[in-house]
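The values are calculated or read from the model by the stated rules, or taken from the named source; none is laboratory data. Just so it is clear, the structure is predicted and the values come from calculations on it, not from any experiment. Here the Cβ positions follow ideal geometry from the backbone for every residue, glycine too, while neighbour counts run over all protein chains shown.
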Amino acid sequence: MKIHEYQARQIFRDYGIPVPNGVLCYTVYEVEKAAQEMNRMVVVKAQVLAGGRGKAGGVKLARSAEEARNAAKQILGMDIKGLTVEKVLVTDAVDIDKEFYVGLINDRNSKSVTLMVSAEGGVEIEEVAKNNPEKIIKFSINPLTGLLDYQARNVALELFGNIKLAQKAASIFTKLYKLYIETDSTLAEINPLVLTTGNEILAIDGKMNFDDNALFRQPKILAMREPDEEELQEIAANEKGLAYIKLDGNIGCMVNGAGLAMATMDMIKLYGGSPANFLDIGGSSNPQKVIDAMNILLSDKNVKAVMINIFGGITRCDDVAKGLIKALEIIMTDVPIVVRLSGTNAEEGLELLKQTGLPTVSSMSEAAKMAIELSKR
Amino acid sequence: MSILVNKDTKLVVQGITGRDGKFHTGKMKAYGTNVVAGVSPGKEGETLDGIPVFNSVAHAVKATGANTSIIFVPAAFAADAILEASEAGIKLVIAISEGVPIQDMIRVTPILKINGTLLIGPNCPGLITPGESLVGILPAMIFKEGNIGFISRSGTLTYEVVNLLSLNDFGQTTCVGIGGDPVAGLYFIDLLEMFENDPDTVAVVLIGEIGGDAEEQAAQFIAEKMTKPVVAFIAGQTAPPGKRMGHAGAIISSGAGTAAEKIAAFNKAGVPVAKEPSEIPVLLRAKLNGQIQ
C-alpha cells in the first residue's frame with residue numbers, strides 16, 4: 001500500500017523528524033489563502049501516488065500568493081502518469097545548501113532492513129544506483145538490535161563529514177527506523193533530506209509504502225489508504241478471495257494459483273494474443289468464487305474471449321465445473337469461453353461441462369490458441 | 001537419496017486441529033509420511049486420526065522425537081509458531097501459512113540461524129520426496145520417483161510442470177516449493193547446492209518468477225558451482241510493473257525484477273529457459289542427451 005507525500009510527512013512529524021510547515025489544499029482559493037497566511041516563498045506540490053512529479057511539472061515555486069494561485073491553477077487537475085491531481089501541498093520553501101537521500105527498504109537477500117544514504121539527493125535513487133552505485137552507502141540492520149545510535153552516527157558521519165551535522169542526521173535515521181518498524185513499512189524514503197543554509201536538517205519530501213500482509217495490525221495506516229479506481233477493483237476482488245489485476249488486452253483469464261496465472265498470461269502473449277487481466281481464484285473451488293470471478297472478468301468490456309485454466313491439485317476440477325455451471329446460469333453472456341481442466345478429477349469435471357456446450361481442452365497451450373482464435377471472431 | 005525429507009522424517013503438525021491442518025494431515029498420512037504428532041494449545045491428550053496432540057512443540061518433540069515441523073496456523077501467528085519449533089530443537093520447518101508480515105520474517109531469520117533451523121516458506125506448498133515423504137499440500141498423485149530435482153516459487157505452476165515431467169518419464173528426487181514471499185527461508189541457491197550434492201539427482205528444474213533477483217543469483221551460482229544441468233522457466237513476462245501479481249514477492253519494482261532480466265541471466269549461464277511449460281521436458285531431454293550445452 002502506498003500513501004501520499006503529505007501523509008508521509010505527517011508520520012515523520014509524529015515521530016519527531018523535522019519537516020517544513022505545509023497545508024493540504026483542494027482548490028485554487030485554498031492555495032492562495034494558505035500562501036497568504038504563510039507569507040513567504042512557498043512550494044506548491046501535486047499530491048498523486050506517482051514518482052517524477054517534478055519532471056511532470058507538478059511542483060512549482062511561488063514567491064507570492066498570486067504566483068501560488070497561478071501554480072495551483074496549472075497543477076490542480078493536471079494529469080501525471082495517468083493520475084489526475086486533486087490536491088496539492090503548499091509548503092515553506094527553504095534555502096537549500098545540500099541535498100541528500102535517506103531510505104529504508106526490506107532487502108530480500110540479506111533478509112534484513114537496509115539503510116541507504118547518498119549525497120546524491122533530490123534525484124531518483126534508482127538512477128543513482130544505476131549510474132553511480134558507489135555513491136550509495138548501504139547498511140544492513142540487525143533485526144535483533146535495531147539501528148543502534150553509533151551505527152546511525154557512523155553512517156551519517158560518512159555522509160556529512162562533520163560530527164555536529166552527523167549527530168543531527170543520525171537522530172533522523174533512528175527515528176525513521178523506528179517508524180519503519182512500527183508501521184510495517186516496506187519503503188521509507190526521505191528524498192531530499194536537506195541541509196539548509198541555516199545549518200538545519202529537514203525532510204523536504206517523503207515516500208512510504210507498507211506491507212499489505214501487515215495491514216491487519218496497522219489500523220492507522222489502513223485509514224490513510226486512498227485507492228484509485230483500478231485499486232478499488234483490486235481491493236474488491238481481494239475481499240472476495242480473488243487476486244485481480246486489469247491489463248490492456250482482450251482475453252480474460254481465470255486461473256487457480258498466481259504462478260500459473262502469470263504463465264497463462266505469458267502463453268496468450270506467446271501465441272500472439274493479449275491478456276485482459278491477471279486473475280487468481282486461489283485454492284478453493286467454492287462455486288461462489290467462480291461466479292464472482294466471472295462477474296469481474298466480464299465487467300471488462302474489452303474482453304472478447306475467456307480462458308479458464310485450472311490445474312486441480314487440492315482444488316477438484318469437478319467442483320470448479322459445478323461452480324462454472326452455476327455461474328453461467330446466473331450470468332448471461334455471449335463472450336466465448338474455453339475451459340481447460342487438468343489434474344484432480346479432471347475427467348469428472350469435463351464430463352459435467354458437456355451439458356454447457358463449452359469447448360473444453362486438456363492442455364494450457366491448446367486453450368490459449370483456441371481462446372485467441374475465438375477472440376478474433 | 002533425496003534432499004530434506006525422506007523415510008526418516010518424523011513430522012509434527014502445528015495447527016493440526018484447524019481446517020487446513022486437519023485436511024492435509026490426512027493427506028500426508030495417507031501418502032505414507034510419518035506424522036508423529038500434532039500441536040494445538042489446549043488440546044493435549046486428544047488424538048486426531050490416531051495422531052497424538054500436544055500443547056507445545058517441546059512436548060511433542062520430547063514424546064515422539066519429531067524432527068520436522070509443518071505449520072498451518074493463521075499468518076498473524078506464523079512467526080511465533082516457527083520460533084516455537086526452532087526453540088524446541090526442530091531442524092526443518094515448513095511454513096504453509098500465507099500472508100505473514102515481512103517484518104515478522106525478518107525478525108525470525110537470525111534466530112533460526114543461531115539455532116541451526118532450516119525454514120521453507122512461508123506462503124509455500126511444501127515439499128515431497130516421491131515414494132518417501134510428503135510434507136505439504138502438494139497433490140501427491142502427480143509425482144513420480146526419479147532423479148530430477150525441482151525448485152519453484154509457485155504452487156499450481158509446480159503441479160503443471162511436475163505433471164508434464166512425470167508424463168514424460170522424468171521422475172523426481174525431491175520437489176520443493178519455496179513460496180512466493182519476498183523474505184523467505186531456503187531459496188534457490190541453498191537448494192541448488194543440496195541437489196548438486198545429492199548423488200541421485202542428475203538434473204534440476206527451476207521455476208522462477210518476477211520480483212527480486214534470486215534467479216540472477218541462481219544463474220551465477222549454476223555457472224560457477226554446478227556440474228549438473230539445470231533447465232528453467234520464468235513466469236510473469238507479461239506482468240505490468242509496480243503491480244503485485246498474487247504472490248507478495250512477485251512485483252517489478254523500479255524497473256527491477258523483470259522476467260527479461262532473469263531469462264537473460266540464465267541464458268548467459270548456459271541454462272536453457274523454456275518458452276512455455278510444455279517445453280521444459282523437451283529441453284531437459286536435450287540437455288541430458290548432450291544435444292544442448
## Note on the structure
For A:T114, the lone unmet condition from (1) under 25 Å from the mean Cα position of the chain (by Cα); (2) among the polar types (S, T, N, Q); (3) more than 14 Å from chain B (Cβ to nearest Cβ) is (3)
## Note on the structure
Among residues of the stretch B:4-29 being among the hydrophobic types (A, V, I, L, M, F, W, C) and in a helix (DSSP H, G or I), the residue surrounded by the most Cβ atoms within 10 Å (Cβ to Cβ) is B:M28
### Message
Exactly one condition in (1) within 14 Å of chain B (Cβ to nearest Cβ); (2) surrounded by fewer than 18 Cβ atoms within 10 Å (Cβ to Cβ); (3) of a type in the set (D, E) is false for A:E226; which is it?
### Response
(1)
### Task
Output the number of residues of the stretch A:81-111 satisfying the condition of being surrounded by fewer than 16 Cβ atoms within 10 Å (Cβ to Cβ), within 11 Å of chain B (Cβ to nearest Cβ) and part of a strand (DSSP E or B).
0
### Query
Out of the stretch A:212-223, which residues are more than 9 Å from chain B (Cβ to nearest Cβ) and surrounded by fewer than 15 Cβ atoms within 10 Å (Cβ to Cβ)?
A:P219, A:K220, A:L222, A:A223
### Query
Quick one: what pairs do we get from the stretch B:138-153, first residue at the interface with chain A (Cβ under 8 Å from one of its Cβ atoms), second among the hydroxyl-bearing types (S, T, Y) and outside any strand (DSSP E or B), C-beta under 8 Å, 6+ apart or different chains?
B:L138/B:T158; B:L138/B:Y159; B:P139/A:T344; B:P139/B:Y159; B:M141/A:T344; B:I142/B:Y159; B:I142/B:S166; B:S152/B:T158
### Task
Name every residue in the stretch A:26-46 that is crowded, with 23+ Cβ neighbours inside 10 Å and closer than 19 Å to A:H4 by Cβ, in order of residue number.
A:V31, A:A34, A:V42, A:V44, A:K45, A:A46
### Query
When you look at B:I120, is it more than 13 Å from chain A (Cβ to nearest Cβ), aliphatic (A, V, I, L, M), surrounded by 24 or more Cβ atoms within 10 Å (Cβ to Cβ) and out of contact with any Cys (no Cβ under 6 Å at 6 or more places or on another chain), yes or no?
yes
### Message
For the stretch B:180-208, give me each residue that is closer than 29 Å to B:G242 by Cβ and touching a Ser or Thr at 6+ places or on another chain (Cβ under 6 Å).
### Response
B:I207
### Query
Residues in the stretch B:29-36: is at least one among the aliphatic types (A, V, I, L, M), away from every other protein chain (no Cβ under 14 Å), under 19 Å from the mean Cα position of the chain (by Cα) and more than 23 Å from A:R108 (Cα to Cα)?
yes
### Message
Name the single residue that is surrounded by the fewest Cβ atoms within 10 Å (Cβ to Cβ) among those in the stretch A:233-263 being part of a helix (DSSP H, G or I) and within 9 Å of chain B (Cβ to nearest Cβ).
### Response
A:E234
### Summary
Among residues of the stretch B:128-168 being assigned to a loop (DSSP other than H, G, I, E, B) and either under 21 Å from B:A274 (Cα atoms) or touching a Ser or Thr at 6+ places or on another chain (Cβ under 7 Å) (or both), the residue modelled with the lowest pLDDT is B:G155
### Summary
The residue from B:G212, B:G257, B:G246, B:G208 that alone is modelled with pLDDT of 95 or more, crowded, with 20+ Cβ neighbours inside 10 Å and at the interface with chain A (Cβ under 10 Å from one of its Cβ atoms) is B:G208
### Query
Taking the stretch A:342-377 only, how many residues are within 14 Å of chain B (Cβ to nearest Cβ), closer than 15 Å to A:L324 by Cβ and touching a helix residue (DSSP H, G or I) at 6+ places or on another chain (Cβ under 6 Å)?
3
## Note on the structure
Of the residues in the stretch B:72-100 that are charged (D, E, K, R) and part of a helix (DSSP H, G or I), the one that is farthest from the other protein chains (Cβ to nearest Cβ) is B:E84
### Query
Within the stretch A:348-376, can you find the residues that are of a type outside the set (A, V, I, L, M, F, W, C) and under 25 Å from A:M262 (Cα atoms)?
A:G349, A:P359, A:T360, A:S362, A:S363, A:S365, A:E366, A:K369, A:E373, A:S375, A:K376
#### Entry: Which listed residue, of A:G312, A:G259, is free of Cβ contacts under 8 Å to residues at least 24 places away in the same chain and either of a type in the set (V, I, T) or touching a helix residue (DSSP H, G or I) at 6+ places or on another chain (Cβ under 7 Å) (or both)
A:G259
### Task
Inspect the stretch B:169-182 for any residue being at pLDDT 95 or above, among the aromatic types (F, W, Y), buried (at least 20 other Cβ atoms within 10 Å of the Cβ) and touching a Cys at 6+ places or on another chain (Cβ under 9 Å) and give the result as yes or no.
no
### Query
Just one of B:T173, B:T238 is in contact with a strand residue (DSSP E or B) (Cβ under 8 Å, 6 or more places away or on another chain), polar (S, T, N, Q) and more than 19 Å from B:G146 (Cα to Cα); which is it?
B:T238
